[in-house]
Structure formats: C-alpha cells, structure tokens
Amino acid sequence: MAQATHQRRRRSTAWAGGLVAFGAVMLIIGGTLDVLRGIMAIANDDIIVNTPNYMFKFDTTGWGWIHLLLGALAVPVGVSLFNGRTWARVVGVLLAGLLLISSFLTLPYYPVWSVVLIAVYGFIIWALCVVQPRDI
C-alpha cells in the first residue's frame, strides 16, 4: 500500500515538473518572440498594418514598446522557473496574462500572429496554475 502511494506521488511530481518546464520554455519562447515583435514595430512601423477606427488605437511604436518591455521581463522569469521559484510562477502567470491581453488588443494589426500567441500564453497560464507547490 505504501509503495503504491509512493509511486503515485513520484508520477505526480514528474508530471508537475514537466508542466513547469513546459511553462518555462514557452514563456522564454513567447517572451523572445514578443521582444522581436516589439523591435519590429519600433524600428519600422510601416510593416504593421494600421487599422482605422480601432477602439484601442495606439501608434504601432507604442505597441512595440509594450511588447518589448513585457517580452524582456518574460525571458528572465522563464529562466527562473527552472529553479522552482514560487515567485517566478506567480510573476509568470501575471506576465503571461498581460501578454495575452496585449496580444488580444493588437489583434487587428496582425491577427494570425496574435491568435497564435494568445494560445501560447493560455497554455503557459494553465501549466503554471495547475501545479500545486507540494508537487514540485
């Protein structure tokens, strides 16, 4: 009986570690892609299509700075997730939520890319929230 409980706990720990690793890798990749998206918007805002009469209208350079800063914060937080830091999980969920919202708000500018990143950030939030601290 004790051995079965021990094996179940070991499987649970492996599953939790895998989810945190998945969230960390996806946060690093998503943050890097947002840094690149921000640099693209800041350097040459003719690449991004401007949409007239959009409710959340920003200059594309403004969106570029938002993505650059959030992406630059997401990369070191993703690296810290590999060390099993609880603060990194909390900050990772918050950053993924902010990046998800910013990707939603930039939907008219680049729709396909925004939908892909919304899905990525949704998976990050799920992976970091489903794991219990005692499982890691």
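The values are calculated or read from the model by the stated rules, or taken from the named source; none is laboratory data. Model, not experiment: these values are computed from the prediction. Ideal geometry is used to build each Cβ from the backbone, glycine not excepted, and the neighbour counts take in all protein chains shown.
Summary table
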read-out	value
Subset of the range 102-119 (residues that are under 19 Å from Thr32 (Cβ atoms) and either out of contact with any helix residue (DSSP H, G or I) (no Cβ under 6 Å at 6 or more places or on another chain) or among the charged types (D, E, K, R) (or both))	Tyr110, Val112, Trp113, Val115, Val116, Ala119
Residue check, Gly64 part of a helix (DSSP H, G or I), modelled with pLDDT under 90 and either buried (at least 20 other Cβ atoms within 10 Å of the Cβ) or touching an Asp or Glu at 6+ places or on another chain (Cβ under 9 Å) (or both)	yes
Single unsatisfied condition, Ala72 versus (1) surrounded by 16 or more Cβ atoms within 10 Å (Cβ to Cβ); (2) closer than 18 Å to Thr32 by Cβ	(1)
Search result, residues across the range 125-136 that are modelled with pLDDT under 90 and touching a Leu at 6+ places or on another chain (Cβ under 8 Å)	Ala127, Leu128, Val130, Val131
Residue match in the range 75-83 (condition: farther than 14 Å from Met26 by Cα, free of Cβ contacts under 8 Å to residues at least 60 places away in the same chain and part of a helix (DSSP H, G or I))	no
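Residues checked against (1) among the basic types (Lys, Arg); (2) modelled with pLDDT of 90 or more:
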| residue | (1), (2) |
| --- | --- |
| Val77 | no, yes |
| Arg85 | yes, no |
| Phe104 | no, no |
| Tyr109 | no, no |
| Ile118 | no, yes |
